[in-house]
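To start, the structure itself, in C-alpha coordinates.
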Amino acid sequence: MQFEQKQTWGELTRWIIANEQASVIMELHPKKQCWGGTAWIYSLWTNEAARLHGYAKEVLERAETMATNAGHKSVFLEWKLKHTPKAVLEWYERRGYQKRIWTENEDYCLLEKQLKV
(Lines give C-alpha, C1' and ligand atoms only; values in the text may rest on other atoms or scores of the structure.)
Protein backbone atom coordinates (compact mmCIF):
# COMPACT_ATOMS: atom_id res chain seq x y z
CA MET A 1 0.00 0.00 0.00
CA GLN A 2 1.26 3.47 -0.87
CA PHE A 3 0.24 6.91 0.39
CA GLU A 4 0.74 10.17 -1.50
CA GLN A 5 -0.04 13.65 -0.24
CA LYS A 6 0.26 16.79 -2.33
CA GLN A 7 0.88 20.11 -0.59
CA THR A 8 0.86 23.40 -2.47
CA TRP A 9 2.67 26.41 -1.02
CA GLY A 10 2.36 29.29 -3.50
CA GLU A 11 4.22 28.11 -6.59
CA LEU A 12 5.94 25.26 -4.72
CA THR A 13 4.48 21.76 -4.81
CA ARG A 14 5.56 19.34 -2.11
CA TRP A 15 4.83 15.61 -2.25
CA ILE A 16 4.99 13.17 0.63
CA ILE A 17 5.17 9.59 -0.62
CA ALA A 18 5.12 6.65 1.78
CA ASN A 19 4.60 2.91 1.90
CA GLU A 20 4.49 0.59 4.89
CA GLN A 21 8.21 0.93 5.64
CA ALA A 22 9.64 4.00 3.85
CA SER A 23 8.88 7.61 3.00
CA VAL A 24 10.26 10.46 0.94
CA ILE A 25 9.49 14.15 0.56
CA MET A 26 9.95 15.89 -2.78
CA GLU A 27 9.64 19.55 -3.72
CA LEU A 28 8.86 20.71 -7.25
CA HIS A 29 9.69 24.34 -8.08
CA PRO A 30 8.49 26.25 -11.17
CA LYS A 31 11.88 27.98 -11.64
CA LYS A 32 15.50 26.92 -11.27
CA GLN A 33 16.72 27.26 -7.68
CA CYS A 34 20.14 28.27 -6.27
CA TRP A 35 21.25 24.60 -6.21
CA GLY A 36 20.69 24.38 -9.97
CA GLY A 37 17.43 22.52 -10.43
CA THR A 38 13.68 22.47 -10.02
CA ALA A 39 13.06 19.07 -8.38
CA TRP A 40 14.46 18.30 -4.93
CA ILE A 41 14.20 15.03 -3.00
CA TYR A 42 14.87 15.00 0.71
CA SER A 43 14.06 13.10 3.81
CA LEU A 44 14.23 9.60 2.32
CA TRP A 45 13.68 7.31 5.29
CA THR A 46 13.37 3.56 5.75
CA ASN A 47 12.44 1.62 8.86
CA GLU A 48 15.77 0.11 9.96
CA ALA A 49 14.27 -3.36 10.43
CA ALA A 50 12.92 -3.31 6.86
CA ARG A 51 16.05 -2.19 4.99
CA LEU A 52 17.30 -4.13 1.96
CA HIS A 53 13.77 -5.11 0.93
CA GLY A 54 13.17 -2.43 -1.75
CA TYR A 55 10.87 -0.12 0.23
CA ALA A 56 13.08 2.97 -0.17
CA LYS A 57 13.66 2.17 -3.83
CA GLU A 58 9.90 2.03 -4.34
CA VAL A 59 9.17 5.48 -2.90
CA LEU A 60 12.25 7.05 -4.54
CA GLU A 61 11.26 5.70 -7.96
CA ARG A 62 7.70 6.96 -7.47
CA ALA A 63 9.01 10.44 -6.65
CA GLU A 64 11.22 10.39 -9.76
CA THR A 65 8.24 9.33 -11.90
CA MET A 66 6.11 12.12 -10.45
CA ALA A 67 8.85 14.68 -11.20
CA THR A 68 9.15 13.34 -14.75
CA ASN A 69 5.38 13.49 -15.28
CA ALA A 70 5.41 17.10 -14.05
CA GLY A 71 7.98 17.97 -16.76
CA HIS A 72 11.16 18.16 -14.67
CA LYS A 73 14.35 17.13 -16.47
CA SER A 74 16.38 16.12 -13.42
CA VAL A 75 16.11 15.66 -9.69
CA PHE A 76 18.59 16.65 -6.99
CA LEU A 77 19.33 15.40 -3.49
CA GLU A 78 21.99 15.79 -0.80
CA TRP A 79 24.05 13.19 0.96
CA LYS A 80 25.87 14.04 4.22
CA LEU A 81 28.25 11.66 5.97
CA LYS A 82 27.26 12.93 9.43
CA HIS A 83 23.70 11.65 8.81
CA THR A 84 24.17 8.69 6.48
CA PRO A 85 26.94 6.14 5.77
CA LYS A 86 28.82 6.06 2.46
CA ALA A 87 26.94 2.89 1.50
CA VAL A 88 23.85 5.06 1.01
CA LEU A 89 25.78 7.38 -1.32
CA GLU A 90 26.81 4.32 -3.33
CA TRP A 91 23.15 3.17 -3.33
CA TYR A 92 22.12 6.50 -4.91
CA GLU A 93 24.90 6.23 -7.49
CA ARG A 94 23.73 2.74 -8.50
CA ARG A 95 20.32 4.31 -9.15
CA GLY A 96 21.77 6.84 -11.60
CA TYR A 97 22.57 9.80 -9.36
CA GLN A 98 25.79 11.61 -10.24
CA LYS A 99 27.95 13.83 -8.06
CA ARG A 100 27.63 17.55 -8.86
CA ILE A 101 29.38 18.92 -5.76
CA TRP A 102 31.76 16.81 -3.69
CA THR A 103 33.67 18.33 -0.76
CA GLU A 104 37.40 17.78 -0.38
CA ASN A 105 36.96 15.85 2.86
CA GLU A 106 34.23 13.74 1.19
CA ASP A 107 31.59 14.40 3.83
CA TYR A 108 29.01 16.15 1.61
CA CYS A 109 27.71 15.54 -1.88
CA LEU A 110 25.05 17.19 -4.04
CA LEU A 111 23.70 14.55 -6.43
CA GLU A 112 21.65 14.88 -9.61
CA LYS A 113 19.79 12.30 -11.68
CA GLN A 114 18.75 13.02 -15.25
CA LEU A 115 15.13 11.99 -15.80
CA LYS A 116 13.76 10.45 -18.97
CA VAL A 117 11.20 13.04 -20.03
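The values are calculated or read from the model by the stated rules, or taken from the named source; none is laboratory data. The model shown is predicted, which means the values in this text are computed figures rather than measured ones. Don't worry about glycine lacking a Cβ; one is built from the backbone with ideal geometry, like all the others, and counts go over all protein chains shown. For accessibility, only protein heavy atoms count, side chains too; no ligands or nucleic acids. Shrake-Rupley method; radii C 1.70, N 1.55, O 1.52, S 1.80 Å.
With a Cα cut-off of under 14 Å and a minimum spacing of 8 residues unless on different chains, the lysine pairs in the chain number 7. Summarising the strand pairing of the chain, around 95 percent of its internal DSSP beta bridges are antiparallel. Extending 7 Å from the Cα toward the beta-carbon at both GLU90 and ILE16 defines two label points whose distance is 3.3 nm. Here the scattering of region 1-40 is modelled by Debye summation over its C-alpha atoms, one equal scatterer each and no solvent; at q = 0.17, 0.19, 0.24, 0.32 Å⁻¹ the log10 of I(q)/I(0) is -0.49, -0.58, -0.77, -1.02. Computed over protein heavy atoms with a 1.4 angstrom probe, the accessible surface ordering of GLU104, GLU27, largest first, is GLU104, GLU27. Geometric descriptor of region 38-103, per residue, is 95 Å³ (volume of the convex hull of the Cα atoms).
Placing VAL117, VAL59 in order of accessible area, with the largest value first and a 1.4 Å probe, yields VAL117, VAL59.
Please work out how much accessible surface HIS83 shows to a 1.4 Å probe, ignoring ligands, DNA and RNA, in Å² rounded to 10. That residue has around 130 Å² of solvent-accessible surface. Protection proxy ranking of 13-26, 87-100, 37-50, by the mean of other Cβ atoms within 10 Å over each peptide's residues and highest first, is 13-26, 37-50, 87-100. Quotient of the Cα radius of gyration of the chain and 2.2 N^0.38 Å, N being its number of residues: 1.03.
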